[in-house]
1. Could you list all residues from the range 249-274 that are surrounded by fewer than 16 Cβ atoms within 10 Å (Cβ to Cβ) and modelled with pLDDT of 95 or more?
2. Considering each of Leu204, Leu217, Leu237, Leu222 in turn, give the residue that is touching a strand residue (DSSP E or B) at 6+ places or on another chain (Cβ under 8 Å), assigned to a helix (DSSP H, G or I) and in contact (Cβ under 8 Å) with a residue 12 or more places away in the chain.
3. Among the candidates Lys111, Lys84, which residue alone is under 18 Å from Ser307 (Cα atoms) and of a type in the set (D, E, K, R)?
4. May I ask you to list the residues in the range 118-142 that are touching a strand residue (DSSP E or B) at 6+ places or on another chain (Cβ under 6 Å) and open to solvent by 10 Å² or more (accessible area, probe 1.4 Å)?
5. Yes or no: Arg292 closer than 23 Å to Leu159 by Cα and either in a helix (DSSP H, G or I) or at pLDDT below 80 (or both)?
6. Restricting to the range 277-294, name every residue that is free of Cβ contacts under 8 Å to residues at least 24 places away in the same chain, more than 28 Å from the chain's Cα centre (by Cα) and open to solvent by 90 Å² or more (accessible area, probe 1.4 Å).
7. Considering each residue of the range 217-233, count those that are touching a helix residue (DSSP H, G or I) at 6+ places or on another chain (Cβ under 9 Å) and open to solvent by 10 Å² or more (accessible area, probe 1.4 Å), and give that number.
Amino acid sequence: MSIPDERLKIVNDVFSLSQLFYIKNQLRMDGYDKESKLKSFSFLHSQNAMLDFVFTVDDPVAWHSKNLKKNWNHYSFLKVLGPKIITTVQNNYGAGVYYNPLIMCDGRLIKYGVISTSILIEDLLNWNNLYIAGRLQKPVKIIAMNENVALRSALDKNLKSAVTTAFLMLPESFSEEDLFIEIAGLSYSGDFRMVVGEDKTKVLNIVKPNIAHFRELYGSILQENPQVVYKIQQGRLEIDKSPEGQFTQLMTLPKTLQQQINHVMDPPGKNRDVEETLLQVAHDPDCGEVVRRGLSAIVRPSSMKQSTKGIFTAGMKKTVVYSSLKLHKMWKGWLRKTS
């Protein structure tokens, strides 16, 4: 897929060069006007989808210092505290990403996040927050990326982890669409915004019109996975749901998810090791539900802290506007569902 000149112009003209950045891909969202081809979490109106960038930087202090000189008006009141404090807020609170939303750039409304390369790699490998890692489990357009073996490996591992986790929550036989819906929903498990602020059909809206994009992203992983029979022509998959098969899958899950599953299952005071707990879960008929509870234990606090942090990084005025847009979209989704 070619990269529209519009997106390159915004990046080259407005932002400092970063290690990696992505924009939500050109995916059609069910329930929106067909002119809104850019998949985004926010819509001002159907003809003007917000472009969503994430920049990965090796040195956030240097990046914010340069960006403050060039784009001072993008930041909230935190800008007066300087790049070091901004970086502290970015790294130590919420999900490790600093967002500047509702920016008008070259006639397009955008929002952009900044995350440290090291924090992103940790999230991709271990699912510490499953925030940016969760977004990168969906089809996105990577516009530019320097050679970084560790980051490329972590991106691949994140996709494989998403597949394995989804397998544990699915039956023995299922469709591609079932799998992709499960994958797309991983980072929304326990997210309080799915109760207040997000369209309840969001995951379906992401997946249903974009099966081909998900297939392109996950096809080779599924074909190379020895634990799945992938019937490409029929769009069907079969997996090993034996305790032995599930234990193998559980042992390859990201570290933080394993720890949260252990916490869910471990009675107070018993302090069993993780492997012992995972073996028990592998034999549990409710294995998938246990995994889902583990995911919620990661996503719920992460999403709440990041949203609270957004009040300070966006500023009160933008927070009110942004929240209003979210609620409006949720209301429109509810109306579509009931009509």
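1. Of the residues in the range 249-274, the ones surrounded by fewer than 16 Cβ atoms within 10 Å (Cβ to Cβ) are 251-252, 255, 263, 267-273.
Scanning the range 249-274 gives Met251, Thr252, Lys255.
2. Numbers: Leu204 fails: touching a strand residue (DSSP E or B) at 6+ places or on another chain (Cβ under 8 Å); Leu217 fails: touching a strand residue (DSSP E or B) at 6+ places or on another chain (Cβ under 8 Å); Leu237 fails: assigned to a helix (DSSP H, G or I).
One residue alone meets the criteria, Leu222.
3. Values: Lys84 fails: under 18 Å from Ser307 (Cα atoms).
Step by step, each of Lys111, Lys84 is checked, and only Lys111 is under 18 Å from Ser307 (Cα atoms) and of a type in the set (D, E, K, R).
4. Val140, Lys141, Ile142
5. On the way: closer than 23 Å to Leu159 by Cα: yes; either in a helix (DSSP H, G or I) or at pLDDT below 80 (or both): yes.
Criteria met by Arg292.
6. Pro285
7. Start the filter on the range 217-233 by keeping residues that are touching a helix residue (DSSP H, G or I) at 6+ places or on another chain (Cβ under 9 Å), which leaves 217-218, 221-222, 225, 227-228, 230, 232.
Filter once more, keeping what is open to solvent by 10 Å² or more (accessible area, probe 1.4 Å): 217, 221, 225, 227-228, 230, 232.
Number of matching residues: 7.
For (1) of a type in the set (A, V, I, L, M, F, W, C); (2) closer than 15 Å to Phe174 by Cβ; (3) modelled with pLDDT of 90 or more, each residue gets a yes or a no:
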residue: Thr201; (1), (2), (3): no, no, no
residue: His213; (1), (2), (3): no, no, yes
residue: Leu222; (1), (2), (3): yes, yes, yes
residue: Pro226; (1), (2), (3): no, no, yes
residue: Tyr230; (1), (2), (3): no, yes, yes
residue: Gln234; (1), (2), (3): no, yes, yes
residue: Glu238; (1), (2), (3): no, yes, yes
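The values are calculated or read from the model by the stated rules, or taken from the named source; none is laboratory data. None of these values were measured; they are calculated from a predicted model. Reconstructed Cβ throughout: ideal geometry from the backbone, glycine too, with neighbour counts over all protein chains shown. Each accessible area value is taken on the protein alone, full model and side chains, heavy atoms only, with ligands, DNA and RNA left out. Shrake-Rupley method; radii C 1.70, N 1.55, O 1.52, S 1.80 Å.
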